[in-house]
Every structure is written in C-alpha cells, then in structure tokens.
Amino acid sequence: MNEQIPLLHPGASRREARTKIPQERSGWLELARQQSQKLARTRSQFTPPLRWDRLEQAPARWRRLSWAVALLPLLIVGGATGTWAFVTHLQTRQPDPVAAPLITPLGQTPRRAVAPRRRPAVPTKVKEQVPVPPKPRRTVRPRQTTAAAPVETAREETQQEEQKVEQVPSTEPQRVIFGTSDAPAEPAIIVSPPAKMRPLWTPEAFKKKGMSRIRWGW
Amino acid sequence: MGEREIVRPAQQTADVEPSNLSTEMLVRRAQEGDRGAFEELYHRFYPPVVKRLTHLLGPASPSVHDLVQDTFAQAYQNLDRFRGDGHFCHWVLRIASNLARSTYRRTRRSLWSLWDRPEREAMVASPLKSVDETYPTLHAVHHGLAKLSATLREAVVLFEMEGLSLAEMSAELGVPLHTAASRVRRGRDKLRGELERMGYAPLIQGQVALCNGEPQ
C-alpha cells in the first residue's frame with residue numbers, strides 16, 4: 001500500500017525558505033551522498049523476515065542486564081570485605097607450632113621446637129610526673145698534672161680491649177653444645193646470620209649522596 | 001429504541017488483509033496484540049529505517065540489519081506508549097536514530113576499533129582508487145564525520161546524506177530551524193577542513209561525474 005508519509009513539520013516550509021543555507025556542496029560530499037544513497041538502496045532491496053524470537057528475548061536480555069547491574073556493587077563490596085578480613089586474619093594469627101623451624105643436632109632425629117608462650121599482658125605503669133630537681137652545676141676545676149698511670153691500670157685496660165675484640169660476633173658457623181653440664185647433648189652447628197645489620201644511613205653517606213639517593217639505593 | 005450493536009474498529013477490520021489497512025489501523029491492531037499487523041508495519045517501514053541507519057552509521061557498519069531488528073523490537077515493546085500524535089514512521093525513525101547514536105558511541109569506545117584501525121586508515125588513504133568497488137569516498141567522509149561532535153555529525157548526515165529538509169530536520173532533532181541550519185553550516189565547514197587535512201582537495205562538479213563513471 002503506497003501511503004504518503006506526511007511532513008513532520010508542514011508549516012515550516014516558508015520559514016525554511018527564509019533561512020539561508022548555502023546550497024553548493026563540496027564535490028566529495030556530493031559524491032559521498034550519491035554513494036550513501038546507492039548503498040542504502042542496495043541494503044533496503046531485500047527485507048529479511050521479522051525475528052520474533054529477538055523481539056521476545058529483548059525484555060529478558062534487559063532483565064538479565066538489570067540483575068547484573070544490581071549485583072555488581074554487592075560483589076565488589078563483598079570481595080573487598082573478604083580481602084580485608086583475610087589480610088587481618090593473617091596479621092593477627094598465632095605462629096603455628098608445627099610450622100616452626102626444627103633444631104637439628106648433628107646425628108640425631110629432629111625435634112620440634114616448642115611454641116613460645118606469649119607473655120601475659122602486663123598493665124602499663126603510669127609514671128607519676130615528679131618534678132626533677134635541677135642538676136648541680138659542675139664546677140670547673142683546674143687541670144692537674146698527674147704522673148703516668150700505674151702499670152696495673154694499663155694492664156686492665158688492655159685486657160678489657162682484648163675482651164672487647166673477642167666479643168665481636170663472628171659470621172662463621174659455630175658449634176654449640178646444648179644440654180646441662182651433667183648430661184651434655186650432641187653438639188650442633190648453628191649458622192648464624194651477620195650479627196649486626198648494616199646501618200640504613202650514615203652521616204658520611206648522607207653528606208656524600210643525599211637523603212633521596214640513600215633511600216632509593218643509587 | 002432497540003439495542004445498538006457497538007462495532008469496534010478492530011472487529012470491523014478483523015477480516016481485512018493487513019496489507020490493505022492504513023498505518024493507523026495497523027498500529028491499533030498491533031497494540032491489541034495482532035502480530036500480523038505488526039509484521040505488516042515492519043515490512044512497510046523496513047526501507048526507511050534501513051536507509052536512516054545506513055546514512056547515520058556509514059558503510060563500515062555490518063550490523064545494520066541487526067539494528068533494524070532491534071529498532072522494531074523496541075517499537076514492539078513500547079507500542080502502548082505510542083499515542084498517535086505523529087506518524088508511526090517518524091516514531092520508528094526516531095527510535096532508529098537513538099539506537100544508531102548509542103551504537104556509534106559504543107563502537108567508538110570499543111577496544112576493537114583499535115584493532116581494525118590500520119585497515120580503515122588504508123581504506124581512507126587513497127581517494128581515487130577503486131571508486132566503484134567499496135565506496136572509499138563514503139568511508140573517507142564518514143572518517144571525517146567521526147571527528148565532528150555528535151550534534152554536528154547528525155545534522156550533516158540528515159541534511160546531506162539523507163536529504164531531509166531543514167524543517168524535517170529541526171523536528172527530528174527537536175531544535176529550532178535556525179539552530180538546525182547553523183549546525184549544518186558549521187558541520188559542513190568542519191568536514192571540509194577534515195577532508196582537506198586527509199588529502200581530499202576540493203573537487204569540481206566534472207570530477208564528481210567522472211568518479212561516478214558518468215560521461216562528461
């Protein structure tokens with residue numbers, strides 16, 4: 001049935017005539033217009049049958065989408081809460097005695113270490129604020145010229161220095177004997193880590209490199 | 001005075017073939033749930049909807065037929081909202097335009113557009129090569145149109161490609177006549193600049209006929 005489709009806005013044709021629109025098109029636009037019309041004509045020649053399944057599925061599709069949109073915030077909030085709870089649980093749990101490291105004396109079967117008992121919480125003592133009396137000022141005394149130190153004092157000093165040298169922890173593996181003096185156990189080798197960590201920064205390094213370079217390690 | 005039999009229009013036209021009914025009658029019957037009437041509406045207004053979508057989306061959109069089905073699906077779902085103030089065709093065409101707009105926006109944001117970008121660039125690069133094969137000029141013009149804002153692009157397409165009058169265009173876009181005219185003018189200027197930037201020098205009328213394969 002050939003039906004004339006009316007103009008959308010029939011009264012506006014006179015006003016349109018007064019509106020200045022340049023009629024000349026650029027050549028490429030004219031060419032594109034012809035090609036577009038040709039393409040549209042080609043596409044509209046064949047009318048495929050109406051797909052009723054698509055028409056009936058469309059509301060279901062929107063319903064599914066609306067469910068997904070509604071559940072998405074729940075999923076996001078649930079995931080975030082779960083992650084937070086798991087991380088908190090990892091941070092606060094007790095060390096597992098089974099997973100504690102084994103101390104293995106040489107030539108013996110390994111024995112499990114006993115889980116360390118947590119020290120009961122001690123109530124913190126509130127220190128009373130007592131006014132501290134001012135320090136007595138040191139009186140400057142004139143320096144006295146004294147004789148050389150006695151020999152015994154010098155010896156003690158050298159012994160102390162030697163002891164200090166001996167106290168420096170070594171990084172070599174050490175043999176340690178467990179047990180009591182009555183019933184000594186088999187000796188075990190303890191591979192000790194370096195006793196003293198390297199300082200994070202030293203004043204010399206700070207002067208040389210600056211803070212940011214020390215921090216980032218370059 | 002005897003009882004008068006009330007004859008409803010749908011009952012009156014129940015035995016008439018849908019193809020012989022007017023659009024208003026078909027719409028009324030479709031609103032009452034007559035599937036045959038809606039199919040007749042589909043067959044009657046398929047060509048204008050395809051043309052509108054083709055002009056708006058360009059030759060590179062393979063999903064025009066799917067979009068037509070979506071357009072009629074939306075029309076079928078919202079058929080009870082159609083009050084009959086305007087013509088059914090204009091209502092369906094407005095649905096198609098809205099769908100085309102959302103599809104265009106979605107495809108531009110899609111990551112797949114980065115995937116096939118080199119091919120599109122190559123298609124646009126040679127203006128005068130194989131004109132009759134795959135509409136390269138149309139590709140190039142749509143490539144230039146993609147650089148325009150959505151309002152200017154739509155105005156240029158409706159006025160230039162589809163050939164709507166300014167009055168129809170202003171009613172379609174819901175803007176005053178002068179606004180529609182100014183959009184067309186600004187869109188044309190920007191498009192000309194984009195085409196020149198892509199290497200499309202201004203073409204005179206004789207060359208247009210030559211490109212179309214017409215004798216001069």
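Please give the Cα centre distance for the stretch B:24-96 versus the stretch A:32-80, rounded to the nearest Å. Using only Cα atoms, the two centres lie 14 Å from each other. Would you calculate the separation in nanometres between label points at A:LEU71 and B:ARG35, each defined as 7 Å from the Cα along the Cα-to-beta-carbon direction? For A:LEU71 paired with B:ARG35, the spin-label model returns 3.0 nm. In this structure, B:SER182 and A:GLU204 have a Cβ-Cβ separation that, at R0 = 60 Å, corresponds to a calculated FRET efficiency of about 0.25. Shielding of peptide B:80-87 by partners, expressed as the average count of other chain Cβ atoms within 10 Å per residue Cβ, is 1.
Ordering B:151-157, A:135-141 by mean Cβ neighbour count within 10 Å, with the highest value first, yields B:151-157, A:135-141.
When peptides B:86-92, A:79-85 are ranked by their average number of other Cβ atoms within 10 Å per residue, the highest-first order is B:86-92, A:79-85. Peptide A:48-57 has a mean of 5 when you count, residue by residue, the C-beta atoms of other protein chains within 10 Å of its C-beta. The modelled label-to-label distance between B:HIS65 and A:THR47, using points 7 Å beyond Cα along the C-beta direction, is 1.5 nm. Among the residues of B:68-77, the average count of other protein chain beta-carbon atoms within 10 Å of the residue beta-carbon is 5. For the pair A:ALA60 and A:PHE86 in one chain, pulling the backbone fully straight at 0.36 nm per residue adds 5.6 nm over the alpha carbon distance.
Read the figures in this text as sums done on the coordinates, not as results from a lab. Just so it is clear, the structure is predicted and the values come from calculations on it, not from any experiment. Backbone-built Cβ (ideal geometry, glycine too); neighbour counts: all protein chains shown.
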